[in-house]
1. Report ³J(HN,Hα) in whole Hz for each residue of segment 121-127, in order, from the Karplus equation J = 6.51 cos²θ - 1.76 cosθ + 1.60 where θ = phi - 60°; Gly and Pro get x.
2. ³J(HN,Hα) across segment 29-39 via Karplus (A = 6.51, B = -1.76, C = 1.60, θ = phi - 60°), whole Hz, x for Gly/Pro?
3. Could you list the GluC sites (Glu not before Pro) in segment 74-118 that lie in coil according to DSSP, counting only those with at most 15 other Cβ atoms within 10 Å of their Cβ?
4. Can you give me the long-range amide H partners of ASN81? Hydrogens built in the peptide plane at 1.01 Å from N, cutoff under 5 Å, separation of 5 or more residues or another chain.
5. In Å³ and rounded to a whole number, note down the convex hull volume per residue for the Cα atoms of segment 316-360.
6. Cut-off is 10 Å between beta-carbons; in what order do ARG19, ARG348 appear when sorted fewest neighbours first?
7. How would you classify segment 193-362 from its alpha-carbon gyration tensor, with a ≥ b ≥ c the square roots of the eigenvalues: rounded for a/c under 1.5, else prolate if a/b is greater than b/c, otherwise oblate?
8. Determine the relative contact order of segment 272-365: mean sequence separation of Cα pairs under 8 Å and six or more apart, normalised by residue count, in whole percent.
Amino acid sequence: MATVGQWASDNHKYLFVKRDLFRCPGYDRLDGSAHIIGDRGFLFLFPTGTQPNTHTPGNDDGLKAKLQADPSVLRASIKINHWLGLDVDEVADYLISEVYPRQRILGVYRYGDELLYDVLKNKAAILSLTPHDSSAPVTAKRPYDEQAQEVHLSRAFWDDVYSPAEFLSLSNEDRAERILEREDMLCDRKKVNKINGVAAEELEFKQSEAAQFVSQAVDLGDLQLKAPATIAVWIRPDDIQDDRRVFGQLAGPTTQGGTLRLQKGQLQLWNGNAWHTLIAEGIAAGTWTHIAVVFEANGQASGYLNGQKRQSALSRFDFVGTSVGIGARFLNQHGNEFLGRMKDFQIRRQALTQQEISELAQATP
């Protein structure tokens, strides 16, 4: 396989499209996403190191070692259909191959077939999917162990939300509403709770093999939000030195202000022209810290550390017409994704007062 950088460069157009396959990371033993355009693309699968049906990270209290010793096979069940992003074609055949970690052909699958694939417990996997001429012979390696006695099955849930006909007829808004009717689609529910609310679930951004291929950032979409506004969150960063993005735009012009990053132990703000320090000291790796930035309608932005006001700078807050994310790189190229944990991430449509921010910082993360 080519180097990670070369592989990403050769296939970058697929990395910009993503469809989650399973529930949010932290709720199952497997996670993954589909990156499909038309009739071809890639599937990413990786073990989360998480106990099923809990939100307990696998590196806490020895749980990771316990799960590693678990003899259960981690098996993904994925329907090869429109929910991966494929064009609807019920007579199409696809050649599915394992690109990483083992280079091998897994088989030919018809549109609507179920792919069963056993994921190694300590390895991410990349599978490729391409159209196949049914007349061409294929020598394949079965992607799962038929003799396995103990199997943990992670089933992709997208296939039963709506039919191919409904998928084609519904608008993007109607598709989103249909998804939100499902109690198990927690990732999408979290996306709609960010404005004037709290992402109460803890967000974890890991340094992992899978992170080389798949972004861990939380895509919030177009907030349609300008100042006055407030960003507030508890953070427990693993790295505070290397341009770690906390919040900011995913695309759009560089003149938009409001992106926040950790750089050399400081919280810095991009005002559309340059970086400005809002919190000069007091943020430490491995320690929970409450940070907040208040954007006034008059163009003033102020940083708060554990409820106390620090530095200020002139900056617009303009997130209208462009996608933004938590822990995300700009254009997936500039800066580095956040590493560590976040809790109680809030985006408010008003400039909170000193007292209101102090009250947020008094809560235990």
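1. For segment 121-127, the Karplus-derived couplings read 5, 10, 9, 6, 9, 10, 10 Hz, x marking Gly and Pro.
2. 6, 10, 9, x, 8, 10, 10, 10, 10, x, 10
3. Working: sites: GLU90, GLU98, GLU114; in loops: GLU90.
Passing sites in segment 74-118 are GLU90.
4. So ASN81 has HN proximity to GLY112.
5. Numbers: hull volume 5.4 nm³, N = 45.
Per residue, the Cα convex hull of segment 316-360 comes to 121 Å³.
6. Neighbour counts put them in this order, fewest first: ARG19, ARG348.
7. Numbers: a/c = 1.37, a/b = 1.14, b/c = 1.20.
In terms of gyration-tensor shape, rounded.
8. On the way: 105 pairs, mean separation 24.8, N = 94.
Averaging sequence separation for qualifying contacts and normalising by length gives 26 percent for segment 272-365.
The numbers here are math on the coordinates, done by the rules we state, and not lab data. Quick caveat: nothing in here was measured; it's all calculated off a predicted structure. Virtual Cβ from ideal backbone geometry, glycine too; neighbours counted across all protein chains shown.
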